[in-house]
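The values are calculated or read from the model by the stated rules, or taken from the named source; none is laboratory data. Remember, it's a predicted structure, so these values are computed and weren't measured experimentally. Here the Cβ is made from the backbone with ideal geometry for all residues, glycine too, and neighbour counts use every protein chain on show.
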């Protein structure tokens, strides 16, 4: 939906009635509203959000708690009189049908001329026009929630000055929550909750039918829930770890930026030591894995060593007896006797003495002579395998020695780190001390999250083991009747569906993260006027980092004001794209703290970036300079100026078309 017009009457400094028509031209998609600080630019945003949500979502501290009605209107009426605060917003949907939002608030004076905001005098209506009739919608709030929910308003209407500090004021966790709202992934949570409710209903019915069966189902549900909770706890710990690691990296980067020679040298030494510490830990873990693999593969051989040795001894006995290698094979002698023909060709049937000697020789020959070659090969293999087993102690000592050597070096590195950190703590620099304390605090938080993750993994494994026991118990029971079987199947279906929904949510979450990352990088490169950066990376915790052309990772906190604004605008707009809502951009004070060169560059790149989207810029004269106007005017369809008139009765702002 896009904004066609807004009408305002008696809303803060807008006594009115005033009307602003927004540009509907897709080629000239910018509407410019220029005014001094305090003229009422931000209150135009507030008029829109009050009309839609009955809430001034962009109210600065200077007007917090102040009256929403215009003071001139208040001072002009007498006792028992009234006036209305009104905002009407006209929007066009994708089919160019008009949707009109009207909100009004009745204000009246009592007999003592005291102004009262009628608590029952607020009215809100939404009308849908198809070009012929204006039809009131029966459920306007449902329409709002469906087409422009309040939770995502900040990704379409926002304060440009706050946008510069977006990554400092928004943590990864708060952004993750916004992503869930924008992408409507939170609907999957509702599905899971409803399935859980149905599953509990089925369990209650099972309990009524069969106490024993319900005990099994109850235990199964309990450990399924424990398993699922452990998985969520693990994922949450991983998310928090990502956020904390991001904060740690940011604090370390800030320390690196401090111009203190001793601190920089110590920081560099610590950085190298930590790299060495990580490398040694990886080396120890790899060696342990190799050792464990070797132990596992050697274990069956060690267990069978006695049997192998006994077999080899038998082979030696056969060698001594002359059967290996054999002079004769028993099968060969039997063949001569069967055919009555000696190897020399002599007929054994005619020479009974020769036949008797061969029979005696056959009886004295072992059956093993027929497989002597196979026995020889087997004995050789057994001896080779025994040689491997005999080397076991040496190989194990070799692994242990490598681990011991790395551990000794690791202990020294850890001592060096502790010493360098102590020296760092002695530097009398207040900012360094604060950052060092922050790093220690975040390190403790990180260790706590690591412990939480490990505990969750243990709970997950325990739950799986219990579920395996329950499955065995379940197979041993007979189902009493068809109704019980049906309820059990329903219960199992709910559990299966919950797991599928959770898996779907995880897959969609990762897909959305990749989409946001790509969109942010694409838009950032379009908007940036300098090729200083190669890529943008957004981790699973929605911490954002960049890689510059040297390959160095850069956190948003150390970017220039212009680069911060461009990155935040790209990121917010990327989040906007996953929402599925087509709404205009309205940016209040988009370039308040940027220098002239940056403003000029943004005026040239911004139209390309938001091509096809309706955009309204609420700007000051310092922002909307001649150079900025020159760069953007080809894309501007409407230009307005806010004129302010101060009187003894109050302030009145008027919108003048330029």
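Tabulated data
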item: Residue ID - modelled with the lowest pLDDT, chosen from residues in the stretch 455-472 that are more than 25 Å from the chain's Cα centre (by Cα) and surrounded by 13 or more Cβ atoms within 10 Å (Cβ to Cβ); result: 470
item: Spans of strands (runs of 3 or more DSSP E) in the stretch 508-610 with at least 3 residues more than 24 Å from residue 622 (Cα to Cα) and under 26 Å from the mean Cα position of the chain (by Cα); result: 533-538, 544-548
item: Filter result for residue 111 (out of contact with any helix residue (DSSP H, G or I) (no Cβ under 7 Å at 6 or more places or on another chain), touching a residue at least 12 places away in the same chain (Cβ under 8 Å) and either under 30 Å from residue 612 (Cα atoms) or not in a strand (DSSP E or B) (or both)); result: yes
item: Answer residue from the stretch 247-272, given it is within 11 Å of residue 424 (Cβ to Cβ) and exposed (fewer than 14 other Cβ atoms within 10 Å of the Cβ) and is modelled with the highest pLDDT among those; result: 265
item: Pair list, Cβ < 7 Å and 6+ apart or interchain, from the stretch 296-322 residues that are more than 23 Å from residue 393 (Cα to Cα) to residues that are at pLDDT below 75 and part of a helix (DSSP H, G or I); result: 315/375; 315/379; 318/368
item: Tabulated pairs, the stretch 588-599, first at positive phi, second outside any helix (DSSP H, G or I) and modelled with pLDDT of 75 or more, C-beta under 8 angstrom, 6+ apart or interchain; result: 589/159; 589/618; 589/619; 589/620; 589/623
item: Close pairs (6 angstrom Cβ cut-off, 6 or more residues apart or separate chains): over 16 Å from residue 295 (Cβ atoms) in the stretch 388-416, outside any helix (DSSP H, G or I) anywhere; result: none
item: Count of the stretch 1-12 residues which are more than 15 Å from residue 616 (Cβ to Cβ) and buried (at least 23 other Cβ atoms within 10 Å of the Cβ); result: 3
item: Among the candidates 89, 71, residue that is touching a strand residue (DSSP E or B) at 6+ places or on another chain (Cβ under 6 Å), in contact (Cβ under 8 Å) with a residue 60 or more places away in the chain, surrounded by 15 or more Cβ atoms within 10 Å (Cβ to Cβ) and under 24 Å from residue 615 (Cβ atoms); result: 89
item: Number of the condition not met by residue 135 [criteria: (1) surrounded by 17 or more Cβ atoms within 10 Å (Cβ to Cβ); (2) in a strand (DSSP E or B)]; result: (1)
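Residues checked against (1) in a helix (DSSP H, G or I); (2) modelled with pLDDT of 80 or more; (3) more than 30 Å from residue 484 (Cα to Cα):
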| site | (1), (2), (3) |
| --- | --- |
| 175 | yes, no, yes |
| 189 | yes, no, no |
| 196 | yes, yes, no |
| 223 | yes, yes, no |
| 245 | yes, yes, yes |
